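Please treat every number below as a calculation from the coordinates, not as lab data. Quantities reported herein were computed from a predicted structural model and do not represent experimental measurements.
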Amino acid sequence: MRFTVTIDRDEDGVWIVECPAIPGCVSQGKTRSEALDNIKEAIALCLEVRAEKGMPLTIETQQIEVAV
């Protein structure tokens, strides 16, 4: 499965990665690469737990346009 993730740095320089399609699926790392590796593991674990609980694996995400 392929997932879109968001990547950001906090004020301490830690990389934060989140998977919007899976509520609560967030990870971090000292480097961008480490954070991306960590989110892969987090996604796999989140999907496993959601499947065990009979929950939908993902929620719907959609892009919208906002005039700025």
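The set of residues in the stretch 21-60 being over 12 Å from the mean Cα position of the chain (by Cα) and polar (S, T, N, Q) consists of THR31, SER33. State all residues of the stretch 1-50 that are assigned to a helix (DSSP H, G or I) and under 23 Å from GLN62 (Cα atoms); if no residue qualifies, say none. Of everything in the stretch 1-50, those that are assigned to a helix (DSSP H, G or I) and under 23 Å from GLN62 (Cα atoms) turn out to be LEU36, ILE39, LYS40, ALA42, ILE43, ALA44, CYS46, LEU47, ARG50.
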